[in-house]
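Reading through the structure tokens given below for one structure.
The values are calculated or read from the model by the stated rules, or taken from the named source; none is laboratory data. Computed from a predicted model, the values in this text were never measured in an experiment. Glycine also receives a Cβ, built like all others from the backbone with ideal geometry; neighbour counts cover every protein chain displayed. Accessible surface areas use protein heavy atoms only, side chains included; no ligands, DNA or RNA. Shrake-Rupley method; radii C 1.70, N 1.55, O 1.52, S 1.80 Å.
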Amino acid sequence: MPDLITSAANPLAKRIRLLADRKHRRREGAFVVEGLQPVWCAVEAGWEIESLVVAPTLLRGTATEEMVAEQEQSGVPVARLSADLFNRLADRDGPGGLAAIVRTRTGGLSALTVRPDALFVALHRIANPGNLGTIIRTLDAVGGAGVILIGDTVDPYAPAAVKASMGSLFAVDVAHTPGADEFFSWAAQRGVAVLATSGAADEDHWDAAYEAPLAFLLGSEREGLPEDLLAQASRRLRIPMVGTVDSLNIGVAASIMLYEARRHSRG
């Protein structure tokens, strides 16, 4: 068995720490995935695995050992760390002994497949990576087609986003476009209806018709959608609220809209 890495000064350990920073992820085109299920998802979805990172004593006796062995035989590098070092590097409590360095693959709008039943979520300048990961996971749950990030927005490969997606990042296409004009042009060319969410809209979300392909457009957590984007949407919808709150977490709002569209698609 190859030597066990025990020192935080090891180049691989240093690289894992550096990849927690967005500028390093962007420069190197790679990010870190932690946990048995997310790494399994990355492998099964065919993403390029730069290296599997394993703590053998934490993995012992699990079916994951066989997967690691198969990947190693196919040519994927496997780095073995002591349990102590693995725990020190881990970004989660009770790590399962498996992580991976994975190559990024975010593309542009042209990379998205628009089927007749396609369901997208477009996010304008959102900032919270946990919210993004939650939305990706929910979109995966309803069989959605992709997430579109508009403008200066959160990194889908940030540790909190990867963690919150629970592996759905590898099942849902994520595209980025620099501006809203490009998004609306793409939607018009592909026949994708844009349904914008706003607390000031006149139409309740449960009274709307949801005819795919469509994209829900949501704004930043703090400011929502600017008026010029609301004006360009096919429809503007609101989620009724009767309590003391006047807004919802963007991940919750997206989930409500996605499941309403899913309910309509089933008749």
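Some observations on this one:
- Per residue accessible area in Å² of the chain, where ligands, DNA and RNA are left out and the probe is 1.4 Å: 49 Å²
- Relative to the current alpha-carbon distance between ALA83 and ARG115, full extension at 0.36 nm per residue lengthens the span by 7.0 nm.
- Student exercise, the chain dipole from Lys, Arg, Asp, Glu Cβ charges, in Debye to nearest 20: 460 debye
- Coupling constants for the range 12-21 follow from the phi torsions by the Karplus curve (6.51 cos²θ - 1.76 cosθ + 1.60, θ = phi - 60°), and in residue order they are 5, 4, 5, 5, 4, 5, 5, 6, 6, 9 Hz; glycine and proline get x.
- Kirkwood Rh in Å, taken over the range 65-109 so that all alpha-carbon pairs contribute: 12.7 Å
- Calculated mean residue ellipticity at 222 nm for the chain: -10500 deg cm²/dmol, from DSSP H runs with n ≥ 4 weighted as -39500 (n - 2.57), summed, divided by the residue count and rounded to 500.
- Rg over Rh for the range 90-235 works out to 0.98, using Cα positions for both radii and the Kirkwood form for Rh.
- For the chain, convex hull volume per residue from C-alpha positions, Å³: 148 Å³
- Point-charge dipole on Cβ atoms (K/R +1, D/E -1) for the range 121-267, about Cα centre, debye to 20: 480 debye
- Ordering LEU149, LEU229, GLY199 by the projection of their Cα atoms onto the charge dipole of the chain, which places +1 on the Cβ of Lys and Arg and -1 on the Cβ of Asp and Glu, puts LEU149 at the extreme positive end.
- Mean sequence separation of contacting Cα pairs (under 8 Å, at least six apart), scaled by the length of the range 172-267, corresponds to a relative contact order of 33 percent.
- Solvent-free Debye scattering, log10 I(q)/I(0), computed from the Cα coordinates of the range 1-148 at q = 0.11 Å⁻¹: -0.49
- Accessible area of the range 1-109 belonging to carbon and sulfur atoms, whole % at 1.4 Å probe: 48 percent
- Projected-area average for the range 190-267 over all orientations - Cα convex hull basis, square nanometres: 5.4 nm²
- Linear extension gain, THR106 paired with SER74, 0.36 nm per residue minus alpha-carbon span: 9.0 nm
- Here the gap between GLU223 and GLU203, fully extended at 0.36 nm per residue and compared with their Cα-Cα distance, gives a gain of 5.2 nm.
- Helix 129-141 vs. the chain, principal-axis angle (Cα, 0 to 90°, nearest 10): 80 degrees
- When the P(r) of the range 94-165 is calculated, the portion above 21 Å amounts to 29% of the C-alpha pairs.
- Set of the range 44-66 residues, backbone N closer than 12 Å to the point 7 Å along the Cα-Cβ line of LEU12: 50-56
- Kirkwood-type radius of the range 134-212, with distances r between different C-alpha atoms, in Å: 14.3 Å
- For ALA122, the amide hydrogen comes within under 5 Å of the amide hydrogens of ILE148, PHE216, LEU217, LEU218, counting only partners 5 or more places away or on other chains and with H modelled in the peptide plane.
- Using the Cβ-Cβ distance between GLU44 and LYS23 with R0 set to 35 Å, the FRET efficiency works out to roughly 0.70.
- The angle between the Cα long axis of helix 64-73 and the main principal axis of the chain comes to about 80°, on a 0 to 90 degree scale.
- Cα-only Debye scattering, the range 38-101: base-10 log of I(q)/I(0) at q = 0.11 Å⁻¹: -0.22
- Its relative contact order, with pairs defined as Cα atoms under 8 Å and 6+ residues apart, puts the chain at 19 percent.
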